[in-house]
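A short reminder: the numbers here are calculations on the coordinates, not readings from a lab. This structure is a prediction, so every number in the text was calculated from the model and none was measured. Neighbour counts are summed over all protein chains in view; Cβ atoms, including those assigned to glycine, are modelled from backbone coordinates with ideal geometry.
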Amino acid sequence: MAPKSSTDSGKATQIAPAKGKLGVMVPGMGAVATTFMAGVQAVRKGIAEPIGSLTQMGTIRLGKRTEGRSPKLKEFLPLAELNDIVFTGWDLFEDDAYESAVHAAVLEKDLLNQIKPFLSSIKPRKAVFDRNYVKKLDGKHVKKGKNKRDLAEQLRDDIKQFKKSSGADRLVMIWCGSTEIFLTRTEVHSSVKAFERGLEKNDENIAPSMIYAYAALSEGVPFANGAPNLTVDIPVMMELSRKNNAPIAGKDFKTGQTLMKTILAPGFKARMLGLNGWFSTNILGNRDGEVLDDPGSFKTKEESKLSVLEQILQPALYPKLYKDFYHKVRINYYPPRGDNKEGWDNIDIFGWLGYPMQIKIDFLCRDSILAAPIALDLVLFLDLAQRSEQLRGLGIQEWLSFYLKSPMTAPGLYPEHDLFIQLMKLKNTLRHLRGEPLITHLGLEYYD
Ligand SMILES: NC(=O)c1ccc[n+]([C@@H]2O[C@H](COP(=O)([O-])OP(=O)(O)OC[C@H]3O[C@@H](n4cnc5c(N)ncnc54)[C@H](O)[C@@H]3O)[C@@H](O)[C@H]2O)c1
C-alpha cells in the first residue's frame, strides 16, 4: 500500500473500475437538485457545457513542470461517466423534476423543454418530513410510520427498490433538501445503539435529514450533505460510515458569498493585511430564501457561514491583524429576485502603519448554477472514494472540503477553509491514489 502521508509517491492504490450504472439519490428535489439533474442531461445531450465542474473540465499536473503532463481529471481517474448516471429523489411536494425546475425558475423554459421527457420521468418518492424541523414548509407527499425507526426502514426499502428497478451497480445519496432548525450533538447521536433507541422513541434530536443519512449509510451508500444541517456531523454517522465503507462528506455547498470569502481572506492573510470588519448581506427569493426567513433555519446557516473567516485568519496567531474583527452575515427573503440572489460585502481592511481601506463586492450570482456542479463533483468523487481501497474505510473524506462551507474533519482537527489549500489537498489526494509524486511547489531542482 502507498504511504499515507509524506511527499513521496508510492505505488498506485487499488481502485475498482466504474462499471455499470451509478444511482444518484437526492432527498430534496428543489432548485439545486433539479438544476443538477437537468444539467447532467443537457451535457449528455450536447446542449450545454459542464462549466464549474472540476471532474468534467479540470486537469491535474503530474510530475515536473518540464514534463508537460496535465491530463484531464476524468482521464486520470476511473470516474463514473455522466452517461452512466441514473437519478431518483424524495420531496414533500409531488412535482416531478420538470415541474419543480419550472417552479424554481433557475433554468430557461427553452432548455427545460428540450429535456422534458427525462425530467418528467424523475418523480419524487414520499418524503420523511416533519414541520418541526422546517417551519416554513408544509407538503402532503409525506411518509407515515409508527415511529422514526419505521420511517428509516421505509427509506431503506426505497433504496433497495431503486437499486433493483434502475439496475444501478452503485449508489450515492446527496442531501439537497432544505435547511433544518439548528440542532447540536446530544447523547442520542453518540453511537449506533443510542441512535437506534432514539429512532424507536421518536427522539426530537433526530431530524429527518439524519433519518435519510442513517438509511443510506446502513445500506452502505455514501452520503454528501449539501445543507448546513447537523445530519452526518455526529458520531453515529461516522461509526456507520466506517463500518459499512460508505464515505461521507459535508456540509453546506460552498457557493456565492462564502466562496468569495474563502478566495479573498487567504489573500489578505498571505499579504499580512489586517481586517476590522466584514459585513455581508444578501437578498434572495427562492424557496431556500423563504426557509431561511425562519430564525431556526437561519441560525443553522449563520453558524456555517460565520466560522469561515475565523478559521482562515487565525486571530490567535495574528492578534495585531485579526483580533476582534467584526463579522456579520444577513440573509433577507426578497421574492422578486427568485434564485438570482444579490450579495453585498463591505470589507474594512487595514495596511502599512494601520491605514484603513475598504473593499466593496456586489455579487449578482445564481445560487443553483454555482451549486449544481458541486453536487455533481461530490457524487462522482464519493463514488470514487467508495471504490478506493484506501479511502472507503476512512469515513469522512476531508479532501472534499473544497466544495463545502463547513468541512468535516477527524475529531480534534480544525477544518481547512482556504480554497487554495483545499484544492491542493484534493489534487494531492488524487495524485496519491494513482501513485504520482505529490506536488509541493519547492522546485529547487530546476536550478541545479
Ligand atoms: N443554492 C445554493 O447555492 C446552496 C448553497 C449551499 C447550500 N444550499 C442548501 O441546499 C439546500 C437546497 O437548496 P435549494 O435552493 O435547492 O432549496 P429548495 O427550497 O429549492 O429545495 C429544497 C427542497 O427540499 C425539499 N425538502 C425539505 N425537507 C425535505 C425532506 N425532509 N425530505 C425531502 N425533501 C425535503 C423541499 O420541499 C424543497 O423542494 C438548502 O438546504 C440550501 O441551504 C444551497
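For the stretch 255-263, the Karplus equation 6.51 cos²θ - 1.76 cosθ + 1.60, evaluated at θ = phi - 60°, returns couplings of 10, x, 4, 5, 4, 4, 4, 7, 8 Hz by residue, with Gly and Pro reported as x.
DSSP loop trypsin sites (Lys or Arg not before Pro) in the stretch 282-326 with at most 13 other Cβ atoms within 10 Å of their Cβ, which ones? Answer in residue order: K323. In a reduced charge model with +1 at each Lys and Arg Cβ and -1 at each Asp and Glu Cβ, the stretch 256-364 shows a dipole moment near 380 debye about its Cα centre.
What separates the Cα centres of the stretch 46-66 and the stretch 342-377 is a distance of 24 Å. Sequence-ordered 3J(HN,Hα) estimates for the stretch 92-107 from the Karplus curve with 6.51, -1.76 and 1.60 and θ = phi - 60° stand at 7, 10, 7, 3, 6, 5, 5, 4, 5, 5, 5, 4, 5, 6, 7, 9 Hz, glycine and proline given as x. Calculated FRET efficiency, Q14 to E49, Cβ-Cβ distance, R0 = 25 Å: about 0.15 to the nearest 0.05. Using a Gaussian network model of the chain with C-alpha springs under 10 Å, which one of M238, M29, M260 is most mobile by mean-square fluctuation? Among M238, M29, M260, the largest GNM mean-square fluctuation belongs to M260. The amide H of I396, built 1.01 Å from its N in the peptide plane, has I248 as neighbours under 5 Å, considering only residues 5 or more places off or on other chains. Within the chain, the proportion of Cα pairs with more than 31 Å between them is 41 percent.
Taking the stretch 77-151, which trypsin sites (Lys or Arg not before Pro) meet the DSSP loop condition and have no more than 14 other C-beta atoms within 10 Å? Present the calculation step by step, with values, prior to reporting the outcome.
On the way: sites: K109, R125, K126, R131, K135, K136, K140, K143, K144, K146, K148, R149; in loops: R131, K135, K136, K140, K143, K144, K146.
Filter output for the stretch 77-151: R131, K140, K144, K146.
Computed from backbone phi with θ = phi - 60° and the Karplus coefficients 6.51, -1.76 and 1.60, the 3J(HN,Hα) list for the stretch 343-350 is x, 10, 10, 10, 10, 9, 10, 9 Hz; x is used for glycine and proline.
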